Amino acid sequence: LPEVELGAPLQPIHVEQNPTGSFTVAAWAKMSGGQGSTRSVVTSRDSIGSNKRGFFIYASSSNVWQFWIGAGGIGFFPVTGPAVQLGQWTHLVGRYDSALSRMELFVNGVSVASFSPITYVANTARPMRIGAGVTESTASTLFNGQIDQVRLYQVTLSNERGAELVSKTERAIECGDS
């Protein structure tokens, strides 16, 4: 499968790597704090005016995991997962299947939320960021903790292949205040 290993935190990833059709984005995240604020694991969005494009995986201000995708002039749509567990490594997968017009969030290998029909509109103008959100201006929604093994696939991974990603155990990238 085509796979892109993504770079260091807060650094933009070239816009050419943003998915334009079906995709799967995966990452390990270990949250250290920041409750009450939005904290981005990975963000690829363009939100100028009413045209919302791209995707992001956040820990929301209400301290739950969320996967959002942009649907153009309709706006951004989230699916919401379980509560963030501070100090615990969590495997997150956001998946969009263009053939089914379906978005889905997996936490630790388990499907926790999905929505369809939804038509994803790609972010073709802004870079992707790891550990920070709001790609259309100065980085914000900073992640507080560690992020590792961020992967982007330009296909919808099967449940079995997604489960294989959960078994990987190396960790490393530090973000935010510890």
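A few remarks follow.
- Restricting attention to region 121-147, the residues that are open to solvent by 20 Å² or more (accessible area, probe 1.4 Å) and either of a type in the set (D, E, K, R) or out of contact with any Pro (no Cβ under 8 Å at 6 or more places or on another chain) (or both) total 15.
- Residue count for region 34-46 satisfying the condition of being touching a Ser or Thr at 6+ places or on another chain (Cβ under 9 Å) and either surrounded by fewer than 20 Cβ atoms within 10 Å (Cβ to Cβ) or of a type outside the set (Gly, Ala, Ser) (or both): 8.
- Scanning region 43-70 for residues that are of a type outside the set (Ser, Thr, Tyr), assigned to a loop (DSSP other than H, G, I, E, B) and touching a residue at least 60 places away in the same chain (Cβ under 8 Å) turns up 48, 51.
- Restricting attention to region 1-42, the residues that are outside any loop (DSSP other than H, G, I, E, B) and modelled with pLDDT of 90 or more add up to 13.
- One residue stands out among those in region 61-95 that are open to solvent by 10 Å² or more (accessible area, probe 1.4 Å) and touching a Pro at 6+ places or on another chain (Cβ under 9 Å): the one that is farthest from residue 20 (Cα to Cα), which is 64.
- Among residues of region 15-63, those that are among the hydrophobic types (A, V, I, L, M, F, W, C) and over 13 Å from the mean Cα position of the chain (by Cα), counted: 3
- Selection status of residue 50, in contact with a Gly (Cβ under 8 Å, 6 or more places away or on another chain), modelled with pLDDT under 90 and at negative phi: yes
- Residue ID - nearest to residue 31 (Cα to Cα), chosen from residues in region 100-123 that are in a loop (DSSP other than H, G, I, E, B) and out of contact with any Ser or Thr (no Cβ under 7 Å at 6 or more places or on another chain): 109
- Cβ pairs under 8 Å, 6+ apart, first in region 95-110 and touching a residue at least 60 places away in the same chain (Cβ under 8 Å), second among the basic types (Lys, Arg) and surrounded by fewer than 19 Cβ atoms within 10 Å (Cβ to Cβ): 96/102
- Criterion violated by residue 156 - all others in (1) at pLDDT below 85; (2) touching a Lys or Arg at 6+ places or on another chain (Cβ under 9 Å); (3) of a type outside the set (A, V, I, L, M); (4) outside any loop (DSSP other than H, G, I, E, B) satisfied: (4)
- In region 96-115, the residues that are surrounded by fewer than 17 Cβ atoms within 10 Å (Cβ to Cβ), closer than 20 Å to residue 19 by Cβ and not hydroxyl-bearing (Ser, Thr, Tyr): 99, 100, 115
The values are calculated or read from the model by the stated rules, or taken from the named source; none is laboratory data. The model shown is predicted, which means the values in this text are computed figures rather than measured ones. A quick note on method: Cβ atoms are made from the backbone with ideal geometry, for glycine too, and the neighbour counts reach across all protein chains shown. Accessible surface areas use protein heavy atoms only, side chains included; no ligands, DNA or RNA. Shrake-Rupley method; radii C 1.70, N 1.55, O 1.52, S 1.80 Å.
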